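The values are calculated or read from the model by the stated rules, or taken from the named source; none is laboratory data. Only a predicted model underlies this, so the values are computations on that prediction, with no experimental measurement involved. Here the Cβ positions follow ideal geometry from the backbone for every residue, glycine too, while neighbour counts run over all protein chains shown. Only protein heavy atoms, including side chains, enter the accessible area calculation; ligands, DNA and RNA are left aside. Shrake-Rupley method; radii C 1.70, N 1.55, O 1.52, S 1.80 Å.
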Amino acid sequence: MTLRAKFRVYWSLIKSLQTGLLLVTGWAGFMSCRCPVTHLPTLLALTASLFLAISGATVLNMWYDHDIDARMQRTCWRPLPMEQVSSQEALLLGLILVIIGLGWALTIDYLYGAIIFAGVFFDVIIYTMWLKRRTPWSVIFGGISGGMPILAGRALALGYIDWVGVALSLAVLFWIPTHILTFSMRFFTDYENADIPTFPAVFGFQSTRVAIAISSVVAALAMAAAAYGIGLTWGYMRLLAVLSLGLLIVAIASTLRPSDKLNFGLFKYASLYMLGAMLIIIFEAI
């Protein structure tokens, strides 16, 4: 395999879109209280360390889940099930990325590094290795890990954890069920074939839709509280309100008038909502 082909395989292992979105949340957390222009070296260090840690955790998740990925139509094309990379190579790559990322984070700031470590621990050990194959409630711990980058970014900027950082982290935590639970309904058969317990399988589709609507409301409220604490200007606050209202409307509509098309629309809109909210915070700082 050529070096270019190997890079493509490794790139697909880190789930670049997911990693990129989490990286953007880390930027938003930092920029919510520090101007990126006057703190560019710190922002670059955050970018590199966070990218490596998140990428490494994702590769380790892919390594551990390669057996269930092979049983799911949605994931059977991934590098490990396709034997484009060996299990040992993926494990080594994931460990190297995580160790470098965490080590770098700790040299930048101990609190920042500790929060990144917590994110990796909850994602790989608690969510993927311990709970994912045992309970549908594992999504909560996946959400906790997803909320760590934005909390870490703000803590790095401030030097401590404040209520705004916690609110931002909670917004991400409650956004994740909106994202993942709609996914589990769309690919219900895949998860059943892989023996992964999901909310739709355990509690039914309607209860899952209600859970999605509730989590959407809480995510929007947490984001609004954080925006107030950050001190967003009225123009950006109105834009955030429009995005939040759209999320609530789609979530409620998918509950009252469920359909595959609407459910997948909610899945896509949830990602756009979180990206949009993070960009609002970033643009406010710039």
What single numbered condition from (1) of a type in the set (S, T, N, Q); (2) touching an Asp or Glu at 6+ places or on another chain (Cβ under 6 Å); (3) under 21 Å from Thr42 (Cα atoms) fails to hold for Thr107?
(2)
Taking the range 129-148 and keeping residues over 20 Å from Ser216 (Cα atoms), open to solvent by less than 40 Å² (accessible area, probe 1.4 Å) and either part of a helix (DSSP H, G or I) or among the aliphatic types (A, V, I, L, M) (or both) leaves Leu131
Restricting the range 20-47 to residues that are surrounded by fewer than 17 Cβ atoms within 10 Å (Cβ to Cβ) and of a type in the set (S, T, N, Q), which is farthest from the chain's Cα centre (by Cα)?
Thr38
Name the residues in the range 1-36 that are more than 22 Å from Leu168 (Cα to Cα) and of a type in the set (A, V, I, L, M), would you?
Met1, Leu3, Ala5, Val9, Leu13, Ile14
Yes or no: Cys76 in contact with a Lys or Arg (Cβ under 8 Å, 6 or more places away or on another chain) and at pLDDT below 95?
no
Residues that are farther than 30 Å from Pro200 by Cα, open to solvent by 30 Å² or more (accessible area, probe 1.4 Å), free of Cβ contacts under 8 Å to residues at least 24 places away in the same chain and not in a helix (DSSP H, G or I): does the range 107-125 have at least one?
no
Check whether at least one residue in the range 224-245 is assigned to a helix (DSSP H, G or I), crowded, with 21+ Cβ neighbours inside 10 Å, in contact with a Gly (Cβ under 9 Å, 6 or more places away or on another chain) and of a type in the set (Ser, Thr, Tyr), and report yes or no.
no
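Which of the following residues is open to solvent by less than 30 Å² (accessible area, probe 1.4 Å) and modelled with pLDDT under 90: Thr178, Thr208?
Thr178
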Would you be able to tell me the number of residues in the range 40-92 that are hydrophobic (A, V, I, L, M, F, W, C) and touching a Pro at 6+ places or on another chain (Cβ under 8 Å)?
7
How about the range 184-196: which of its residues are open to solvent by 30 Å² or more (accessible area, probe 1.4 Å) and outside any helix (DSSP H, G or I)?
Phe187, Asp195
Please go through (1) open to solvent by less than 40 Å² (accessible area, probe 1.4 Å); (2) within 21 Å of Leu21 (Cβ to Cβ); (3) in a helix (DSSP H, G or I) for Ser254 and return the number of the only condition it doesn't satisfy.
(2)
Consider the range 48-87. How many of its residues are small (Gly, Ala, Ser), more than 16 Å from Phe122 (Cα to Cα) and surrounded by 19 or more Cβ atoms within 10 Å (Cβ to Cβ)?
1
